[in-house]
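Accompanying notes for the structure given below.
Derivation of every value follows stated rules applied to the coordinates shown; laboratory data play no part. Predicted, not measured: the structure shown is a model, and the values here were computed from it. No Cβ is skipped: glycine too gets one built from the backbone with ideal geometry, and neighbour counts run over all protein chains shown.
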Amino acid sequence: METCWRLGGLPDLRGLRLRRWAHQLGYRGHVTSKSLAYSTTFAALRGERHRWRLTRHAATVGVDPTTDLLAVGDWRYTGQLGEDQ
């Protein structure tokens, strides 16, 4: 961070706006940017987080987390049942 700040103060490098990005060590890329040789994918990480949340929730409500769980992500009101139904 200190180096980014110091270099950002040099007139020749002012256009890089390093001081603005010093808290990110001068890196202005997208937060999900990564090397092609990175050890895992973001899809794999999302899947693992999803599995962890489902397992934790199953344990909370007293369901066996090794069985199939149904995760409902969309609810819609389709009407009300009448007395004759």
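Remarks
- Residue-by-residue Karplus 3J(HN,Hα) for the range 55-67, coefficients 6.51, -1.76, 1.60, Hz, glycine and proline x: 5, 5, 5, 4, 5, 5, 8, x, 9, 5, x, 8, 7
- Ordering of 73-81, 15-23, 48-56 by burial proxy (mean other Cβ atoms within 10 Å per residue, highest first): 15-23, 48-56, 73-81
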